[in-house]
Structures are given as C-alpha cells and as structure tokens.
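Below is one structure, written out as structure tokens, with a few remarks after it.
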C-alpha cells in the first residue's frame, strides 16, 4: 500500500457507532459528562504484548515485512489499544500488514482511518476560517499541541489523530477572541479548567468540531512557570502548511509541552473511545517525539537540555525521548541525553500532583497567581465548577439539580479529606 483513503467511497458523516464487537466509540457528549461505559478488562501482560506488536507494525522499515498478526487476544482488546494510541491511519500509512489481521479488526481500522481523513478536511476548514478572523481582528494566536504537530512534522496531517485544536491567545485579547469565536459560528460549552475553555461548531454534515481556547499554556497555576505565555510568542515559528499566517511553538517548547502533557495525563487520565486511561505512553505521542527530535539543531538540543534542567523537567523529557527511541529507534543527541540523565531529580509536576489535599493545592495555585482577576477566576472554577465539570468527575450525579450536585461534591470531598483518599 499505503492506502489512498480519499479514493474510497465513503459517506461524509461522522460514524458514531461501529458494527460488531467494536461499537465502543463514545460521543462527544459522553466524553464531556463522564458517562463512559465500562470497557473490557485486558490483562496487563496482554496489553504490553499488544502495544509491542503495534509499535513494531508502525516502525517496520519499507525493506522489512510487517509483522504477521499472531496475538492470542480478543480482537476488541487490540482495537481498544489502537483507539487509545490514536494510530488507525498511521497503521494504514505504514502498510502494517493489515491483510493478515482478523477481518472485523481490519475493517474497524480502515473505517476509523477513513473517518480521520474526512474529519481532517472538515476540521481544517473550520480552523483556517477562525485563524483568518483572528488575524483580521489583530489578535495574535498560536496553534498548539496536536494540530500544530499534524501540520509541522507529519507527512499527512490526518495521521495525527486528535479531537480538537488548541489555540493560545493573550489574556488581554480574550474578550475580543471570544467575540471572534462567536462570530465564526462557535458556541462556548465549557470553562471547566483554569485558563482555557471549549468552543464547538456543528458543521451540519455530521462533524462537531471543538476548539480549546487557551490564555494559559498550562492549566495549573503552580506549574505556569514551566512554560511562559510570553516565551511561547517570543519563539513562535510559522505553520504555513496550515495557513500563511498560522504560527506555533518552536520544536524545543513543543517537546517540553508534550512531556508535561504526558505527565499530567498519567494522573488525570486520557479519554480514548469509551474509556479513561491513566497512561502516558500513547504511541501517537511517542511518534510526535520521534518526528520532532530529528528537526532540532545542535543549538536547539542544547537549549532543550538547559531549559529542562533549569525547570526540573529533565526526567520528564528523558522519559519522552527514551520512549520514542524504544518504539521507533529515534536518533537522539547523546550529549544532550547525558546532560538530562545527570540532571534528573526533583520533578515539580510530580510534586504538585502528589499533593492529595485539594485545599492545599488551591492555596498553592492561588499563591502562584499575581492579579485579583486571576485569583477570582481560579476560585470560581475550583469552588463553583460548572455542571459539565461536576458530571465529568461524578458521573453518578449526572442530571441532578445543580444544588444537589454541589452538595454531593462537597460531601465527597469531605469524605476524602476524612479518610485520606486521593481525590478524583
């Protein structure tokens, strides 16, 4: 192959459910409310074997035959890992020997890959139109995370599976940015996190596109020093494959942001398909690192090592780099790796997340903020969260009246404080 997925006759609508054993795709509403069905329990050893097989299938060079499917596990267990890793189209692009796979599993991979191609075309139009409007209004914006990577290091942007686009603006431009978002036909549906909110647009052809509007690079005030807002704009680079005026973070900051993201998802979890996974080793994230690392110049490798060591991120960066190397044979700058290994020690992300007392975390985050406006925003989000935030954390309270939801949340927090259990 690879497959020419655009030549395959498909219906231009989002597939919400799959046939057979793979009818596990949660809708966006399910993901927001936290009403996620219980997935099948695959033993850890089987998961490790599946992941190793998938990494081998993705990494097989053109001169080497892809591994034959010889896993002694249920096909739906393999599909769940493919969903978690976000690699359906990547498997097709890599010519991963799909013909030897079970028919239902192969068809599910192909169906998801087709969906990714269609979604990308539709999503790109929404993002470009929004960037055009922001540019016309003189609002600087940076494209971050998945979409930035899709249009900078991937040959085919659709290969970089994601569910939204993240945009960063200045806090001072937030009011104008919101006006632009609304004028572009987007609707704000969630402000459940400090420094960001979710906007969506229904295209009318089966796709509901989400834009995460950020005015903070990291949603935890105690961690905001790890990557500064002004730093991102000062070192921004063009993202011309997306749009002529699009910009994004430079490769060094993208690697740092990716390593931080990985650490946060281990604790907070990542929703893929119908399950929440508390894991940091998604193969698509390792592929991001694998493709980003070779683009660094010698000077950028030195800068990456310096920033990681200064900010206590040496261990996090090293884990990301070594993970990519283990899965895909990523070429690394060994002198930079040696510096990172020597600097491993305190991890500010782990220290922050290890604090089990919610009140202590709130005090630390409030202390990290400078203005009364920021402190009030954080207090409102943490103490009086929105309905969507409560239902995501406490799905058993979904649909309750808001006063009862808040009472349930407070009682649950009090119980955790009394018993010493870690909060959700």
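The values are calculated or read from the model by the stated rules, or taken from the named source; none is laboratory data. Keep in mind the model is a prediction, meaning the values are calculated, not measured. Reconstructed Cβ throughout: ideal geometry from the backbone, glycine too, with neighbour counts over all protein chains shown.
Residue by residue through segment 264-273, note down the ones that are in a loop (DSSP other than H, G, I, E, B) and surrounded by fewer than 18 Cβ atoms within 10 Å (Cβ to Cβ).
Initial filter on segment 264-273 (in a loop (DSSP other than H, G, I, E, B)): 269, 273.
Residue satisfying the conditions is 269 alone.
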Worksheet entry | Within segment 227-263, tally of residues that are surrounded by 19 or more Cβ atoms within 10 Å (Cβ to Cβ) and over 26 Å from residue 302 (Cβ atoms) | 3
Practice prompt. Need at least 1 residues that are over 30 Å from residue 310 (Cα atoms) and modelled with pLDDT under 75 per element, so show me which helices (runs of 4 or more DSSP H) inside segment 344-419 make the cut, counting only ones lying wholly within it.
Written response: 372-383, 387-393, 402-419
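Determine, yes or no, whether residue 304 is modelled with pLDDT of 95 or more and in a loop (DSSP other than H, G, I, E, B). Can you show your working first?
Values: modelled with pLDDT of 95 or more: yes; in a loop (DSSP other than H, G, I, E, B): no.
No: the conditions fail for residue 304.
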Practice prompt. Look at segment 134-148 and say how many of its residues are assigned to a helix (DSSP H, G or I) and surrounded by 16 or more Cβ atoms within 10 Å (Cβ to Cβ).
Written response: 6
Discussion item. Can you find, within segment 152-168, the residue that is farthest from residue 242 (Cα to Cα) among those that are in a loop (DSSP other than H, G, I, E, B) and more than 9 Å from the chain's Cα centre (by Cα)?
Written reply: 161
